[in-house]
C-alpha cells in the first residue's frame, strides 16, 4: 500500500523489512532518489501503478503510487494486479518453447501441421515465423475478437472452429520470413497450437507449466463474462485488480477493456512481483530449456536500427546497452517489463493509466540503478 512515511524512512523500510542487512547510506540515497522521482510523476498525475527494480535476482526497490480505484479512493499497493496486455506474448512464446523442448512442437514446421483448418494458402508460414511476427499471416484480430465476443465460446480452439471458415481464401500478406508486421492474431493462433498439442486449454497449460513453477501466485486470465452482450466483467470481478483509466492527466475516464478474447496475445493480469518471479525462473532455466531461451533472443528478426523481435521479446540496443523487453497497453492499462542481461537488472512498471508512456520512465530508472552507487538487494515477499 502507498506509504505515508517520509522518503528516507521508506528507503530503510524497503530493504530492512526483508531481514536483509540495513541499507548503506549510498543505498538509502538511491532509494530516496528513485522514490522522489516517481513521486513527482505521481503528483503530476503522470504515474499511477507499481514500480519494481531488481538486480542480481533480488528486489532493490518496490513501491506503488496513485489510485487503483479513483472513485473509491483505493490506493495502488504492491499486491495490486494489472492487465499486462501484449506483455502476455512472452508467456505464449514460452508455452510454445516448453512444448518444443519436449519434442511436441517443431518450430520450423508449417502452422498447418497443427492447425489444418486454416487456409491452405498459409502452408508456407512456420511456427517460428509466427513467434517473430514474420509469418505473413494476415492480422485477423478483429475477426477473432468479434467472433469470441458474439458467441458463447469457452476456449481458444472453440473460437478457432468458428473463425476458420471466415478465413477461407485469405492469402498471406507477405512471403513468410520476408517482412516484420506486428500481429496479435498470430499469437492467438499460437495459443491454439499450445491447446491442441498439449490437449489441455491454453490458459490451463500456462498456469500449470509457467505460473505455478515460477511462483506467480497472483497471475491469471480474465475469462468471465457479463450477462449483457458477452462483454467481459470489469475489475470488480477479480480481487485486487486495478480499475483502468483513459483520458489525460487530471481528466480521467473509466476504461472498459475489451481485448480478453485475445488470450494468447494479451489476456494476462499480474502483479509486479509476479513478473519478477518469472524473470528469476526464466534466468534459472526453470521454465524454458536454456538453449531455447537463448534462441528466443538470438533468433530475433530485425525491425529497425538497433531493434529486433525474438520469440515474444523485443530486443533493443542503445548506447551499447542491450535490453530485452516487452510492453503492453491498450484500454486503461500500460505495462513495461525489461531485463538488462549484462547488468542483471530487471525493471517492471505496471500502470492503470492508458495514456502513460513508460519507456522514458524506465530509461530514467535504469540510469539511476546502473550508476556506480546503487542499492543492495532484498528478497521478494517482504
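The values are calculated or read from the model by the stated rules, or taken from the named source; none is laboratory data. The model shown is predicted, which means the values in this text are computed figures rather than measured ones. Methodologically, a virtual Cβ is constructed for each residue, glycine included, from the backbone with ideal geometry; neighbour enumeration extends over all protein chains shown.
Would you check if residue 77 is in contact with a strand residue (DSSP E or B) (Cβ under 7 Å, 6 or more places away or on another chain) and part of a loop (DSSP other than H, G, I, E, B)? When the stated conditions are applied, residue 77 passes them.
Residues in the range 175-206 that are exposed (fewer than 15 other Cβ atoms within 10 Å of the Cβ), more than 13 Å from residue 155 (Cβ to Cβ) and more than 17 Å from the chain's Cα centre (by Cα): 175, 178, 179. When the range 82-109 is limited to residues that are in contact with a strand residue (DSSP E or B) (Cβ under 8 Å, 6 or more places away or on another chain) and assigned to a loop (DSSP other than H, G, I, E, B), the one that is surrounded by the most Cβ atoms within 10 Å (Cβ to Cβ) turns out to be 84.
Only one of the listed residues (71, 117) is surrounded by fewer than 19 Cβ atoms within 10 Å (Cβ to Cβ), assigned by TED's automatic domain parsing to the domain that holds residue 264 and not in a strand (DSSP E or B). That residue is 71. Scanning the range 131-153 for residues that are within 18 Å of residue 193 (Cβ to Cβ) and part of a loop (DSSP other than H, G, I, E, B) turns up 132, 133, 134, 135, 136, 137, 138, 139, 140, 153.
The number of residues in the range 173-189 that are assigned to a loop (DSSP other than H, G, I, E, B) and in contact with a helix residue (DSSP H, G or I) (Cβ under 6 Å, 6 or more places away or on another chain) comes to 2. Among the numbered conditions (1) surrounded by fewer than 21 Cβ atoms within 10 Å (Cβ to Cβ); (2) modelled with pLDDT of 95 or more; (3) more than 20 Å from the chain's Cα centre (by Cα), the only one that residue 153 does not meet is (2).
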